[in-house]
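Participant: The structure under discussion is supplied below as structure tokens; questions concerning it will follow.
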Amino acid sequence: MSKFGLDLLIADFPEKLKGKKVGVVCHAASITSSYQHIIDILANSSRIKLLNIFGPQHGLFGQTQDNMIEWEGSIHPRLKIPVYSLYGEHRKPTASMLERIDALIFDVQDAGARPYTYIWTLKHCMEACAENGIAVWVLDRPNPIGAVGVDGPVLSEDFFSFVGGASIPLCHRMTMGEMALFIKKHYVNNSDLNIVWMDNWRRGSIWSDTGLPWVLPSPNMPTLDTAIVYPGQVLLEATNISEGRGTTRPFELFGASFINAPEVITILNQQNLPGCLFREHNFIPTFHKWAGELCGGIQIHVTDPKLFRPVQTTAAFLSVIIKLYGDAFKFKDPPYEYEYNKMPFDILAGDTAMRESLLNGESSEQIRAVWEKDYQAWDESFRTVAYYKE
């Protein structure tokens, strides 16, 4: 069985941390392999003193269900120490939030997709700590979709935002520890970065191979199946197609009131997209897009994660929708995730090219061919921070 970085921290507590005053960035999924939460572990430890708690998007224990809902901090009811929100008035810790601590421990479960905001919370924390002379300790956790290949455009620096703050593909394959190394190398060179690596994890695995407990890292990431399709299906957030929020299978289910699911599925199946199949599954969302309305719906089933291309698959779906329902389909206008000028689809995708290619009627194969031109350079950059074997 694999072990989380948190498990290794407990088993062999670093000398450099002993006696330090610390803050911790965590959420509901910040547990050991035996389900102990990091707040309880640090609060009860005689080796450090826990002074501050920070939480990312969706709150400390996943209380904000919908997307782009801010939350504000409080005082921890039992420990009587500050709980600071990093998805509200501040997304980057302020100097006053950090002034009492010697080190910031970061233990947050990522989903393996560039728009998942936790890696950008990590970047903000590394920046703030570097500015204030504070060490950062990243406790590594599995990339739940490590077996899924690189997919999607590499983000252009002109389109950096809170859903993308580094030039990486949509499906990037890195763990949080490797992401921290990448951020230090390219963006925060002066970070005092320390990483507690996992034990017995390989990149070619998915979460179910690890033997570790799954705790949903955000309210609409309930299962591993969700995480596998998310790097592509997250693009639907920037359209008027429901990505399944308001159902029990977000991102796997998708549709809209104007869609004839069998018609779409017939065309998609003719494309023989690798590692997946499609099935009609209509739905009525309880909230978010098309709430209360019957949607012609489709469920995507991944049959082989190692063959599956999540972003290309969503591009194929969108190309069919635009062809069949171009008058009804819409790309959403800003704002989106604190970006008020650029199109939401473009900041998610990486630049304007994918949206323009879809509108021009290009196939998903043609669109992916453009991305692949960047993959050799990306792979070379990735290998400089890769810690784990395939």
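The values are calculated or read from the model by the stated rules, or taken from the named source; none is laboratory data. Predicted model, so just to flag it, every value in this text is computed and none were measured. Positions of Cβ are backbone-derived with ideal geometry, glycine not excepted, and every protein chain shown enters the neighbour counts. For accessibility, only protein heavy atoms count, side chains too; no ligands or nucleic acids. Shrake-Rupley method; radii C 1.70, N 1.55, O 1.52, S 1.80 Å.
Participant: If you consider only alpha-carbon coordinates, what radius of gyration and Dmax does region 148-212 have, in Å?
Facilitator: Computed over the Cα atoms of region 148-212, radius of gyration and Dmax are 13.8, 40 Å.
Participant: For a quick size check, give me the Cα extents of region 56-108 along its three principal axes, largest first, whole Å.
Facilitator: Extents along the principal axes: 34, 25, 20 Å.
Participant: Within straight cross-link reach of Lys306, meaning Cα distance under 25 Å, which lysines are found once same-chain residues fewer than 8 apart are removed?
Facilitator: Lys3, Lys373, Lys389
Participant: Also, quick follow-up: Over its Cα atoms, what ratio of radius of gyration to 2.2 N^0.38 Å does the chain give? Kindly include the intermediate steps, with their values, before the conclusion.
Facilitator: On the way: Rg = 20.7 Å, N = 390, 2.2 N^0.38 = 21.2 Å.
Against the compact-globule rule of thumb, the ratio is 0.97.
Participant: Taking the solvent-accessible surface of protein heavy atoms with a 1.4 Å probe, what is the per residue accessible area of region 251-386 in Å²? List each step's numbers first, then the result.
Facilitator: On the way: 6360 Å² over 136 residues.
With the other protein chains kept in place, region 251-386 gives 47 Å² per residue.
Participant: Hey, in the GNM for the chain with a 10 angstrom Cα cutoff, which one of Asn132, Asn220, Asn341 fluctuates hardest?
Facilitator: For the chain, modelled as a Gaussian network with Cα springs under 10 Å, the answer is Asn341.
Participant: Using only the Cα atoms of region 73-170, what semi-axes does the equivalent ellipsoid have when each is the square root of 5 times a gyration tensor eigenvalue? Give whole Å, largest first. Intermediate values should be presented prior to the final figure.
Facilitator: Values: eigenvalues 150, 50, 33 Å².
They are 27, 16, 13 Å, listed largest first.
Participant: Which distance in nm do the two modelled labels at Asn282 and Asp333 give, with both placed 7 Å along the Cα-to-Cβ direction?
Facilitator: 3.2
Participant: So for the pair Ile267, Lys16, with labels modelled 7 Å out along Cα→Cβ, what separation do we get in nm?
Facilitator: So the two model labels end up 5.4 nm from each other.
Participant: Could you state the number of Å between the C-alpha centres of region 173-225 and region 286-309?
Facilitator: The two parts, judged by their Cα centres, are 25 Å apart.
Participant: Using alpha carbon centroids, what distance separates region 38-54 and region 63-106, in Å?
Facilitator: Between the Cα centres of region 38-54 and region 63-106 lies a distance of 15 Å.
Participant: log10 I(q)/I(0), Debye, Cα-only region 3-129, no solvent, q = 0.14 Å⁻¹?
Facilitator: -0.59
Participant: On to the next question. Which of the peptides 150-160, 264-274 is most tightly packed, and how do the rest follow, going by the mean number of other Cβ atoms within 10 Å of each residue? Let's see the in-between values first.
Facilitator: Values: 150-160: 19.9, 264-274: 15.1.
Packing order, densest peptide first, comes out as 150-160, 264-274.
Participant: How much of the calculated P(r) for region 257-301 lies past 16 Å, in percent of all Cα pairs?
Facilitator: Details: 407 of 990 pairs.
Tail of P(r) above 16 Å: 41 percent of Cα pairs.
Participant: Please report, in debye to the nearest 20, how large the charge dipole of region 272-380 is about its Cα centre when each Lys and Arg carries +1 at its beta carbon and each Asp and Glu carries -1 there. Each step should come with its number before you reach the end.
Facilitator: Numbers: 11 positive and 16 negative charges, 73 e Å.
The calculation lands at about 360 debye.
Participant: When the dipole is taken about the Cα centre of the chain, and only Lys, Arg (+1) and Asp, Glu (-1) are charged at their Cβ, what size is it in debye, to the nearest 20?
Facilitator: Numbers: 35 positive and 44 negative charges, 197 e Å.
For this selection, approximately 940 debye.
Participant: Here is a further query. Against the globular-protein guess of 2.2 N^0.38 Å, express the Cα radius of gyration of region 102-255 as a ratio, rounded to two decimals. Intermediate results must be reported in sequence, preceding the final value.
Facilitator: Details: Rg = 15.7 Å, N = 154, 2.2 N^0.38 = 14.9 Å.
Computed over Cα atoms of region 102-255, the ratio equals 1.05.
Participant: For the pair Gln63 and Glu356, what calculated FRET efficiency results from E = 1/(1 + (r/R0)^6), where r is the Cβ-Cβ distance and R0 = 35 Å, to the nearest 0.05? Write out the running numbers ahead of the final one.
Facilitator: Details: r = 38 Å, r/R0 = 1.10.
Taking R0 as 35 Å, the efficiency between Glu356 and Gln63 is 0.35.
Participant: A further question follows. In µm²/s, what is D for region 317-390 at 10 °C and 1.306 mPa s, where D = kT/(6 pi eta Rh) by Stokes-Einstein and Rh is the Kirkwood radius from Cα pairs? Intermediate results must be reported in sequence, preceding the final value.
Facilitator: Details: Rh = 14.6 Å.
The diffusion coefficient I find is 109 µm²/s.
Participant: Further, regarding this structure: How big is the Rg/Rh ratio for region 1-68, C-alpha atoms only, Rh by Kirkwood, two decimals?
Facilitator: On the way: Rg = 13.2 Å, Rh = 13.1 Å.
Result for region 1-68 is an Rg/Rh of 1.01.
Participant: About the Cα centre of region 139-235, how large is the charge dipole given +1 on each Lys and Arg Cβ and -1 on each Asp and Glu Cβ? Please answer in debye to the nearest 20.
Facilitator: Working: 6 positive and 9 negative charges, 24 e Å.
Computed about the Cα centre, the dipole is about 120 debye.
Participant: What is the extension gain from Asn200 to Tyr35, computed as 0.36 nm multiplied by their sequence separation minus the C-alpha to C-alpha distance, in nm to one decimal?
Facilitator: Full-extension gain reported as 57.6 nm.
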